[in-house]
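Here's the structure we're looking at; comments come further down.
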Amino acid sequence: MGSNGVDHSLEESEEGITGSGKEVITDLLQLDGSDESGALQDTGSSMEQEDRKNGSERSSSVLEISQSGESKADSSARISLDHSISAPIRPRRNIQYDSQDIKFYRSMTERKETSRHNLFDRMSEREKKKLIIELVTIQNDGTVEVDLTKSDGMASELLELQSVESTPFKVEDSIVDSNKPIPRLKIAMLIVGTRGDVQPFLAMARRLQEYGHHVRLATHANFKSFVRSAGVDFYPLGGDPRVLAGYMARNKGFIPSGPGEISIQRKQLKTIIESLLPACTEPDTETGLPFRAQAIIANPPAYGHTHVAEALGVPLHIFFTMPWTPTYEFPHPLARVPQSAGNWLSYVIVELLIWWGIRSYINDFRKRKLKLAPIAYFSTYRGSISHLPTGYMWSPHLVPKPSDWGPLVDVVGYCFLNLGSKYKPQEEFVEWIQKGTKPIYIGFGSMPLEDPKKTTDIIIKALTDTGQRGIVGRGWGDLGTLLDVPDSVFLLEDCPHDWLFPQCSAVVHHGGAGTTATGLKAGCPTTIVPFFGDQFFWGDRVHQRGLGPAPIPISQLSVENLSDAIRFMLQPEVESQAMEMAKLIENEDGVAAAVDAFHRHLPEEFPSSSVSSDGEEHPNPFLWLFLQVEKWCCLPCSK
């Protein structure tokens, strides 16, 4: 059984699936190779030399983005900023100490990662390409299979590295007192994904504003009103979440499942990448107020975040709702690994495959927009976030922090926005809920469905077979459209889950991180019907904790297995387990922990170029006048 809970026989894996998977890998390796090879062959060796330069030499190549002619970032210059007197200050950890004679590692993983990087560095580009083709197969369920047995020489070295039991010095036990105040900052949040991906960051943005920070949440235009209604500044990013969701549903993740899907993925990612710099530097689209980020918070799918942070000379903090940092304890959620020794490697492989799909856009973006040097074709570092402060937005009671993640990584807990407190449901809906036993919620949110009618039929028949009332969330998949339903079923258009789920006896959904969190907080036994990506990961974790049955992939959904899942959830022991988890989550404050992690990992010094002058707080008077006239002219004329 793979990590996504789907059984595949060896014969099936080797017939057709492997062939098509190898075709995708080869296409990714060859894609755009010709248009970059000339430039990157010349820069390949210089890249290695550049990586050995010190920080000040690298910073000298950073483009001055501002048109006002500000001086370049000086990492040694201290600045004077307004400070938030209410920001929590905790002892600051000494992340890493380097000298010519000694190096302290953040954790066991860091030392092993360093050894592996040296191993990759010793390989030629041809050897790296051959290794990936041997080890990696794109499966028909969209996951990346990493099989170490397919490359004996490389596998033996990797397995040998895992067996090393020497324990390096762990600086996470070394605390350095620091009572420095937290500066008030202009923070750009760069978030790519569906509404469920945006929502926890909106909760975090609101809390950061309470500490005096000016937060701009940059995400897809579809969520403009959602963000602004929460009192947070909005800036549009490229990409359409519906197109992205459709792509991921067809391909079961970020990695394209066939050559024809590559262009769709790249077109969406290109528009996202090109919108990142304006999101950090352009004035507000409505007020005209200037904005220049002094710190960046991003999720990994906002590809290009590290490059913008490099160009602007500002700190970057990654937050995400699924694992992205290499660990031995479980594989990457988008990968399937037959041998546990390959867990760590699966993260590198997934990052490399994504990098190869977007490298030409990233290098064009670096050269044309950021005036930074291009990145070597087979770089094994640039996609990784292991060197960056990273916060994971899930409960440590569901998935504890792996023992091989160092102090740069925090598992902060779920970040809830609590939309239900202001929600006013329709009277018809309230009356329906009250006239019978607690219903079961079944809905798949923003997931597209190939056959909405067939799926709706399965749901209604399973509810009928088990004698349960049900709420069917129509979502983006249009469940229940043009279909007569019995009185025991209510078709629901839209409703905050944090209001809805406490009204339910159990929930069945796609396994999005946010939906899973809300269901567990409400004490609901959960069945996850995963479509792609980390949804399989959360389905497995819910089942392992006894909070629901084994996940049912959408392709395997049937009346029989959905009925069995409903009966499983209604067992008293499962309901008891769900209530225990709810109590644990209720005592967490993930938003506060996320903000605290962001503050703890801020550098003690900020480059002078990131300081906003007093004049920057006020818009150019001519620009302001132009915007006001434009708004006035666009008003409807009265008769």
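Computed quantities for the displayed model
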{"read-out": "Count - residues of the range 399-426 that are part of a loop (DSSP other than H, G, I, E, B), touching a residue at least 60 places away in the same chain (Cβ under 8 Å) and on the phi < 0 side of the Ramachandran plot", "value": "15"}
{"read-out": "Conditions (1) out of contact with any Phe, Trp or Tyr (no Cβ under 7 Å at 6 or more places or on another chain); (2) under 20 Å from G511 (Cα atoms); (3) touching a residue at least 24 places away in the same chain (Cβ under 8 Å): number failed by T466", "value": "(2)"}
{"read-out": "Single match in R336, R359, R366 (criterion: basic (K, R), touching a residue at least 24 places away in the same chain (Cβ under 8 Å) and within 23 Å of W538 (Cβ to Cβ))", "value": "R336"}
{"read-out": "The range 355-384 - residue that is modelled with pLDDT under 80 and of a type outside the set (F, W, Y) and, of those, farthest from E588 (Cα to Cα)", "value": "A376"}
{"read-out": "Verdict on K371 being among the charged types (D, E, K, R), more than 25 Å from L217 (Cβ to Cβ), out of contact with any Asp or Glu (no Cβ under 7 Å at 6 or more places or on another chain) and touching a residue at least 12 places away in the same chain (Cβ under 8 Å)", "value": "yes"}
{"read-out": "Sole exception among (1) in contact with a Leu (Cβ under 7 Å, 6 or more places away or on another chain); (2) in a loop (DSSP other than H, G, I, E, B) for D498, by number", "value": "(2)"}
{"read-out": "Unique match (being assigned to a helix (DSSP H, G or I), closer than 25 Å to M393 by Cα and modelled with pLDDT under 85) among G260, G246", "value": "G246"}
{"read-out": "T327 vs. criteria farther than 23 Å from I375 by Cβ, surrounded by fewer than 23 Cβ atoms within 10 Å (Cβ to Cβ), free of Cβ contacts under 8 Å to residues at least 60 places away in the same chain and of a type in the set (V, I, T)", "value": "no"}
{"read-out": "Positions within the range 405-455 being of a type in the set (G, A, S) and under 19 Å from D498 (Cα atoms), in sequence order", "value": "G413, G420, S421, G443, G445, S446"}
{"read-out": "Pairs, first farther than 30 Å from V243 by Cβ in the range 430-449, second assigned to a loop (DSSP other than H, G, I, E, B) and hydrophobic (A, V, I, L, M, F, W, C), C-beta under 7 Å, six or more apart", "value": "K438/C504; P439/C504; I440/C504"}
{"read-out": "Count of the range 536-575 residues which are of a type in the set (S, T, N, Q), at pLDDT 95 or above and under 25 Å from the mean Cα position of the chain (by Cα)", "value": "1"}
{"read-out": "In the range 403-447, residue nearest to T194 (Cα to Cα) [restricted to those that are in contact with a Cys (Cβ under 8 Å, 6 or more places away or on another chain) and crowded, with 18+ Cβ neighbours inside 10 Å]", "value": "Y441"}
{"read-out": "G533 vs. criteria more than 22 Å from the chain's Cα centre (by Cα) and on the phi > 0 side of the Ramachandran plot", "value": "no"}
{"read-out": "Hits in the range 272-294 (condition: within 18 Å of the chain's Cα centre (by Cα) and at pLDDT below 95)", "value": "I272, I273"}
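The values are calculated or read from the model by the stated rules, or taken from the named source; none is laboratory data. A quick note: this is a predicted structure, and the numbers were derived from the prediction, not measured. Positions of Cβ are backbone-derived with ideal geometry, glycine not excepted, and every protein chain shown enters the neighbour counts.
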